[in-house]
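What follows is one structure encoded as C-alpha cells, with my remarks underneath.
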Amino acid sequence: MQALILAGGEGTRLRPLTSTMPKPVVPLVDRPFVAYMLEWLRGHGVDDVVLSCGFMAEAVRSVLGDGAGLGIKLTYLEEPEPLGTGGAVRFAEHLLAERFFVLNGDVLTDIDLTAQLEQHERTGARATLALTSVEDPSAYGLVRREADFSVREFVEKPGAEQIDTNLVNAGAYILEREVLAEMAPAGTNISIERELFPALVRRGLFGYEAAGYWLDIGTPERYLQGTFDILEGNVKTEIGRRLAGAGLTLVDGARIEGRVVAPALVGDDSAVAEGASVGGRVVLGPGVTVAEGAHVESSVLLAGARVGPRTTIAGSIVGPEASIGGGCHIHDVVLGASVKVGSDNVLAAGARIFPGVELPDGAIKF
Ligand code: GDD
Ligand code: MG
C-alpha cells in the first residue's frame, strides 16, 4: 500500500524551531517527527511513501535518506512553490497508485488505518476521511455524517456558530485516484479541504470515526504535549515501549551525577552535574549539559544545549546548541537554535527567541 505525506507547510506556528529545520524532521523524543508517522504507516502495511516537501526538502532527505532502514521505499517530491494540500496531491499524481493514503505531515497518532481501509472497502467509498474528536473544532475541518457514515458536510475552520459536533478531520485519507479529476489541474494552488471534500459530499465521501491517540503537533504547546504523551506511553510508539520496559527513564550513554526523575530520556553524551535535577517529563537530546544545581522539568532540550548552574527551566523548548547562563529562570519559552542567554535572565510567558540571538547577562526580568 502507498501513502503520500503532505509535509510542505512552513510550520510557522512552530517557529523558531522550524526557522532552522523543516517540521517533519524536528526531533521528537529521540527521532525526527516524521519517523513516528513512518513507523505507524509501516505497521498498517504501507511500504511505499511519497513525501511531498516544499520548504527545505533537502534537509528532510538528508535526515531520512531512502527509507531502507525502515523497510519503506521513500520518494521525495519538491514543489516549485507551495501548491496547497490539494495542489500537492495533484502534483504527485504521476507517482500515485489506484488507491492510496494521504496524511497530513504533522500528526502524531496511532489510529487504526487497517480498520479505516476495511470501512472504505465495505462502503464502496471514493474517499474515506479518518475522524477524531477534539474539544474545540475551530482550528480543524469539521465533519458532519449520516448514519451510513457518508459525509453530509465538511466545514474547514468552522466559525463558533457552525460548531455542532466535536468530530473533525484527522488528516488521514484513503483516496481512489480517480477523485483527483474533481480538482483543478496540477500546478495551481488548491486546498483539498476547501475544494475536493465539499465537492465529494454525497458523491462517495465517507468518514471513519477513529479511536486511539491523535494530536496535531504544530504548536509549541502541542509539541510538548506530544513529547509527554510519548514518554508516558499514552500513544503507542516503539520508544514508548522501550521506556516502559526501562521504568520510564532511559539514560544510556549519559553521565548522570545529579538526579533524573521519570519519565525522562537523556541522550548520548549528555551530562547532568551533581546537585542538578532533570525530570519528570524531560527529554535531553544528545550532547546536552546541565550544570550543578540546575533544575529542568516538563521541557525538551535539543542536541548540544547547555544549561548553566542553578538555572531553572520548565515548560520550555530549547533549540539545538542553545546556551543558557547561570541563575536564569526559563518558563514557557521557546529558544531557537544557537541562542545565547547570558546569566541572571528571566524569560517567561510564551516568549520565542529567534535563532542565533544573544542576550547579555541580566538583560530581561519580569
Ligand atoms: N506539499 C505541501 N504543499 N504540503 C502542504 C502545503 C503545501 O502547499 N500546505 C500545507 N501542507 C501540509 C502541512 O505541512 C501539513 O502537514 C498538512 O499539509 C496540513 O497543513 P496544516 O497547515 O498543518 O493544516 P491545519 O493543521 O491548519 O489543518 C489541516 O489539518 C487538520 C488536522 O490537523 C486540515 O486538513 C484540517 O481539516 C484538519 O482537521
Ligand atoms: Mg496542522
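Of note:
- Among the conditions (1) small (Gly, Ala, Ser); (2) within 14 Å of ligand 1 (Cβ to nearest atom); (3) out of contact with any strand residue (DSSP E or B) (no Cβ under 8 Å at 6 or more places or on another chain), SER19 misses just one, which is (2).
- Single match in ALA303, ALA337, ALA322 (criterion: more than 19 Å from ARG259 (Cβ to Cβ), buried (at least 18 other Cβ atoms within 10 Å of the Cβ) and out of contact with any strand residue (DSSP E or B) (no Cβ under 8 Å at 6 or more places or on another chain)): ALA337
- Residue match in the range 209-221 (condition: among the aromatic types (Phe, Trp, Tyr), under 30 Å from PHE154 (Cα atoms) and touching a Ser or Thr at 6+ places or on another chain (Cβ under 7 Å)): yes
- If the condition is being within 16 Å of ligand 2 (Cβ to nearest atom) and touching a helix residue (DSSP H, G or I) at 6+ places or on another chain (Cβ under 8 Å), then the range 96-116 contributes VAL102, LEU103, ASN104, GLY105, ASP106, VAL107, LEU108, THR109.
- Residue in the range 275-283 that is over 21 Å from THR227 (Cβ atoms), out of contact with any strand residue (DSSP E or B) (no Cβ under 8 Å at 6 or more places or on another chain) and not assigned by TED's automatic domain parsing to the domain that holds PRO27 present: yes
- Checked against the criterion of being touching a residue at least 40 places away in the same chain (Cβ under 8 Å) and within 14 Å of GLY207 (Cβ to Cβ), the candidates THR123, THR114, THR109, THR85 yield just one match: THR123.
- Checking each residue in the range 249-261 for being modelled with pLDDT of 95 or more, open to solvent by 50 Å² or more (accessible area, probe 1.4 Å) and either part of a loop (DSSP other than H, G, I, E, B) or over 26 Å from PRO309 (Cα atoms) (or both) picks out only GLU257.
- Counting only helices (runs of 4 or more DSSP H) that sit completely within the range 177-248, those holding 1 or more residues that are within 16 Å of ligand 1 (Cβ to nearest atom) and either buried (at least 18 other Cβ atoms within 10 Å of the Cβ) or among the β-branched types (Val, Ile, Thr) (or both) correspond to 197-200, 220-231.
- The numbered conditions (1) open to solvent by 20 Å² or more (accessible area, probe 1.4 Å); (2) within 16 Å of ligand 2 (Cβ to nearest atom) are all true for ALA172 except (1).
- The residue that is farthest from ALA210 (Cα to Cα), counting only those in the range 154-169 that are open to solvent by less than 40 Å² (accessible area, probe 1.4 Å) and in a loop (DSSP other than H, G, I, E, B), is GLY159.
- GLY171 on the phi > 0 side of the Ramachandran plot, in contact (Cβ under 8 Å) with a residue 24 or more places away in the chain and not hydroxyl-bearing (Ser, Thr, Tyr): yes
- Only one of the numbered conditions (1) near ligand 1 (Cβ under 10 Å from one of its atoms); (2) at pLDDT 85 or above is not met by LYS73, and that is (1).
The values are calculated or read from the model by the stated rules, or taken from the named source; none is laboratory data. Since the model is a prediction, treat every value here as computed from it, not as a measurement. Cβ atoms come from the backbone with ideal geometry, glycine included; neighbour counts cover every protein chain shown. Just the protein is used for accessible areas: all its heavy atoms, side chains included, with ligands, DNA and RNA removed. Shrake-Rupley method; radii C 1.70, N 1.55, O 1.52, S 1.80 Å.
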